[in-house]
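See below for the structure under consideration.
Throughout, read-outs are computed from the coordinates displayed, never taken from laboratory work. Everything numeric here is computed off the predicted structure, so don't read it as measured data. Virtual Cβ from ideal backbone geometry, glycine too; neighbours counted across all protein chains shown.
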Amino acid sequence: MRQASETAAEVPLVSVGIPVFNGEAFLEDAIRSVLGQTLEDLELILCDNASADRTAEICRDYAGRDSRVRYFRNARNLGAAANYNLAFSYARGPYFKWLAHDDRMLGSFLAKTCRVLEERSDAVLCNTVVSYIDSTGAQLGLYDSMLSGADASSPSARFAWMVLRSHTCVDFFGLIRRESLRNSLLHGAFHGADRALLAQLALRGRMVQLPAPLLAIREHPNRYTRAQRRSTARAVWHDSALGGQVSFPTWRLYGEYLNMVRREALTPEERFRCYGVLARWWACNWNTARAVVDVLAVAVPSAPGLAERLKIRLFGAAPGHLFADRRR
């Protein structure tokens with residue numbers, strides 16, 4: 001492992017991007033968790049989506065105190081997807097991680113996940129078991145995404161593991177080999193874009209999970225998955241230019257799956273197997289019902305949120321959705 005960079009001009013080993021919009025409540029906790037890592041050879045990229053609260057003040061304060069912090073502020077709110085992708089575009093290190101502004105890492109997260117990627121040239125992503133915390137930082141529970149199932153030699157097997165199971169996509173926030181993110185989907189501007197990127201990365205290489213819970217995801221009412229229930233609101237959250245336009249995220253997700261299977265560097269046999277996975281996809285994880293709800297949302301924008309609450313009421317929360325909204 002390299003030692004800490006001596007000057008800001010040197011290329012860091014790890015780049016961490018925090019995209020943020022009006023994040024004053026938890027942003028400092030996230031920043032401190034990056035700067036307090038045992039692996040010091042890093043840069044922290046703060047991408048401010050034209051926040052109207054104290055976010056800019058907090059970012060400038062830390063950028064002034066630590067040369068590893070780089071602060072960028074957008075002239076207007078571009079939407080979450082564009083801001084996430086800007087954070088990546090500023091990264092210089094060979095390893096990259098997105099960190100949500102309301103989450104945090106334990107001190108050894110980067111050192112341990114980076115060591116895996118340095119030792120495993122076949123791995124594109126490494127994450128850990130996740131700890132859910134509340135607004136005060138108290139632990140609520142642990143979530144094992146079973147990412148280790150994507151540590152297989154066959155691209156089609158890894159692809160199937162990522163697209164046919166119900167999981168919360170927390171591994172989007174793992175440490176990723178930056179070269180593997182080049183010419184990828186990055187953060188698409190649609191609900192489920194994190195799932196699409198994970199599937200594409202699975203086609204490109206193996207994924208590793210460490211058993212210790214070194215990443216904490218904060219559960220609070222203003223999280224995107226809690227606050228955005230209507231299809232139009234979800235679309236605008238991802239891309240502010242969409243306005244009230246109707247989106248069909250399930251159909252978009254499936255289209256992205258088809259495109260990546262067609263375009264990624266796969267053997268004919270592996271490509272055929274991936275198409276077989278996508279044929280099975282319609283019968284898994286309520287995908288057909290989700291596609292129908294997308295169409296219903298044209299007339300009833302609240303349909304996605306209503307359908308999710310009904311499913312939870314009748315069948316319970318999906319694995320990993322430990323704190324799903326059960327409001328009637």
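The table that follows gives values for the structure above.
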quantity: Sorted by Cβ neighbour density within 10 Å, fewest at the top, the residues Trp251, Trp161; calculated: Trp251, Trp161
quantity: Length added when fully stretched, Arg54-Asp144, from 0.36 nm per residue minus Cα-Cα; calculated: 29.0 nm
quantity: Percentage relative contact order, region 7-117, counting C-alpha pairs under 8 Å, at least six apart; calculated: 43
quantity: Theoretical gain in end-to-end length, Ala299 to Ala75 [0.36 nm per residue, Cα-Cα removed]; calculated: 77.3 nm
quantity: Computed E for Ser153/Leu258 - FRET, C-beta separation, R0 25 angstrom, nearest 0.05; calculated: 0.60
